[in-house]
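A quick write-up on the structure given underneath.
The values are calculated or read from the model by the stated rules, or taken from the named source; none is laboratory data. Since the model is a prediction, treat every value here as computed from it, not as a measurement. Heads up, the Cβs are rebuilt from the backbone with ideal geometry, glycines too, and the neighbour counts pull from every protein chain shown.
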Amino acid sequence: MKITGIRLGTLSVPLRVPFKTALRTVERVEDVIVAVLTDTGAVGYGEAPPTGVITGDTTGAIVGAIRDHIGKSIIGRDVDELEEVLQTIQRCIVKNTSAKAAVDMAVWDLYGQLYRIPVYKLMGGARKQIVTDITISVNDPEEMARDAVNALSRGYGCLKVKVGANPALDVARLTAIREVAGPEIKIRIDANQAWKPKEAVKLLNQMQEKGLDLEFVEQPVAAHDLEGLRYVTERSYVSVLADESVFSPEDAVRIMERRAADFINIKLMKCGGLYNALKIASAAEIYGVECMIGCMLEAKISVNAAVAIACAKNIITKVDLDGPVLCSEDPIQGGAVFREKDITVSDLPGLGIQGIDPAYIRWMS
């Protein structure tokens with residue numbers, strides 16, 4: 001099975017409600033879609049969201065990286081040479097992790113199709129089902145409480161709450177959510193780098209002293225500030241998850257060596273795809289550090305690839321793959337089945353994607 005071409009398109013899907021964090025507000029998923037073509041007629045699908053505020057990757061940058069560098073480097077290569085092809089994707093251009101991730105997952109998709117086996121089984125096959133949290137966007141406390149009630153009515157047992165846009169309001173926001181959620185619901189928070197280290201410790205300890213019972217905090221300080229991250233980890237009553245600080249296996253190892261965080265968040269768009277995600281998971285197994293699998297604001301194709309590794313590896317104990325359920329519609333045929341919090345991986349060969357509703361995608365010439 002030889003790679004003969006790359007087709008690119010843009011996918012547009014509206015969200016149920018606007019997605020708000022300390023860094024941005026988004027109303028639609030607007031992602032780049034990759035179709036890797038072969039001489040057998042098999043097609044591998046990938047996806048990349050332009051999350052410039054986190055990864056630095058814009059739509060134009062993703063398209064340019066794939067069209068001018070990544071695609072040219074793998075056309076003519078045999079899918080059966082998986083290791084060589086995946087290494088070529090990583091080495092042909094620096095950074096551009098989202099573009100790399102999109103092509104990487106498409107190649108894994110083709111490799112699974114070639115040998116008629118689901119990708120999650122190729123990578124470990126630990127389980128077939130996982131349970132995700134759902135994100136509560138930053139708003140005033142009353143609106144966030146209403147959003148929490150809505151999520152609970154849909155069956156979610158774990159809420160990921162965005163905070164940090166206004167630290168003075170964060171305690172009130174979480175208090176309102178805990179009041180409507182009750183003591184049994186898990187609440188984890190994501191500050192998206194919003195706080196200074198000492199401020200983070202003060203806020204987090206105040207939250208716990210008020211009985212908010214937080215599971216963990218995601219990226220409380222700036223991504224580059226590993227000493228600040230360790231400061232919070234050592235002094236906070238709340239466990240710490242490293243997210244934006246982890247863009248590579250090397251980043252993950254540095255954090256684990258320094259004990260700068262309690263958990264590591266793996267995101268395909270930050271690490272460049274499944275190839276490097278597996279390296280992070282293997283390092284975490286050695287250090288005994290549990291991982292979460294997360295996503296950007298993505299539609300089903302790329303989240304489906306994240307589901308595959310989540311179902312493959314036991315070291316991944318926490319799941320934040322709510323991108324598809326935040327969308328008002330699902331234009332992707334095949335792949336994992338998302339029933340609100342419950343996600344079941346596809347047993348079809350590769351990643352199981354069968355096609356895309358043409359009403360939602362615009363293919364480039």
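Got a sec? Which of Ala176, Ala283, Ala200 is surrounded by 24 or more Cβ atoms within 10 Å (Cβ to Cβ), aliphatic (A, V, I, L, M) and outside any loop (DSSP other than H, G, I, E, B)? Working first, answer last.
On the way: Ala176 fails: surrounded by 24 or more Cβ atoms within 10 Å (Cβ to Cβ); Ala283 fails: surrounded by 24 or more Cβ atoms within 10 Å (Cβ to Cβ).
Within the list Ala176, Ala283, Ala200, the selection yields Ala200.
Whether any residue in the stretch 244-251 is in contact (Cβ under 8 Å) with a residue 60 or more places away in the chain and over 20 Å from Ile130 (Cα atoms) is what I want to check. Yes, the stretch 244-251 has at least one match. For first residues located in the stretch 261-284 and under 15 Å from Ala310 (Cα atoms), partners that are basic (Lys, Arg) and in a loop (DSSP other than H, G, I, E, B) and lie 6+ apart or on another chain with Cβ distances below 6 Å form the pairs Ala281/Lys313. Return the residues of the stretch 314-333 that are of a type outside the set (A, V, I, L, M, F, W, C), buried (at least 21 other Cβ atoms within 10 Å of the Cβ) and either more than 17 Å from Met292 (Cβ to Cβ) or out of contact with any Cys (no Cβ under 8 Å at 6 or more places or on another chain) (or both); say none if nothing qualifies. Across the stretch 314-333, the qualifying residue is only Pro324. Just one of the numbered conditions (1) closer than 26 Å to Leu15 by Cβ; (2) of a type in the set (D, E, K, R); (3) without any contact (Cβ under 8 Å) to a residue 60 or more places away in the chain is not true of Arg235: (1).
Restricting attention to the stretch 135-183, the residues being more than 12 Å from Leu212 (Cβ to Cβ), acidic (Asp, Glu) and touching a residue at least 24 places away in the same chain (Cβ under 8 Å) number 3.
Being farther than 30 Å from Thr10 by Cβ and among the charged types (D, E, K, R) is a property that does not hold for Glu298. Just one residue in the set Thr21, Thr97 is within 17 Å of the chain's Cα centre (by Cα), closer than 30 Å to Asp147 by Cα, among the polar types (S, T, N, Q) and buried (at least 16 other Cβ atoms within 10 Å of the Cβ); that residue is Thr21.
Residue count for the stretch 37-60 under the criterion of being in contact (Cβ under 8 Å) with a residue 40 or more places away in the chain, of a type in the set (A, V, I, L, M, F, W, C) and either closer than 21 Å to Lys95 by Cβ or touching a Phe, Trp or Tyr at 6+ places or on another chain (Cβ under 6 Å) (or both): the result is 2. Checked across the stretch 208-225, the condition of being part of a helix (DSSP H, G or I), modelled with pLDDT of 95 or more and touching a helix residue (DSSP H, G or I) at 6+ places or on another chain (Cβ under 7 Å) holds for no residue.
Picking from residues in the stretch 286-325 that are in a helix (DSSP H, G or I) and among the β-branched types (Val, Ile, Thr), the one that is farthest from Ala126 (Cα to Cα) is Val325. Selection within the stretch 343-365: residues that are touching a Gly at 6+ places or on another chain (Cβ under 6 Å) and among the β-branched types (Val, Ile, Thr). The member of this set that is farthest from Gly157 (Cα to Cα) is Ile361.
Listed by first and then second residue, the pairs with beta-carbon distance under 8 Å, at least 6 apart or on different chains, first residue in the stretch 326-350 and under 14 Å from Tyr45 (Cα atoms) and assigned to a loop (DSSP other than H, G, I, E, B), second modelled with pLDDT of 95 or more and acidic (Asp, Glu), are Pro331/Asp357.
Residues being surrounded by 19 or more Cβ atoms within 10 Å (Cβ to Cβ) and farther than 15 Å from Lys160 by Cβ: count how many of those fall in the stretch 208-222. Of the residues in that region, 1 qualify.
Scanning the stretch 127-153 for residues that are touching a Lys or Arg at 6+ places or on another chain (Cβ under 6 Å), surrounded by fewer than 22 Cβ atoms within 10 Å (Cβ to Cβ) and under 26 Å from Gln354 (Cβ atoms) returns a single hit, Val131. When the stretch 154-170 is limited to residues that are at pLDDT 95 or above and of a type in the set (A, V, I, L, M), the one that is surrounded by the fewest Cβ atoms within 10 Å (Cβ to Cβ) turns out to be Leu159.
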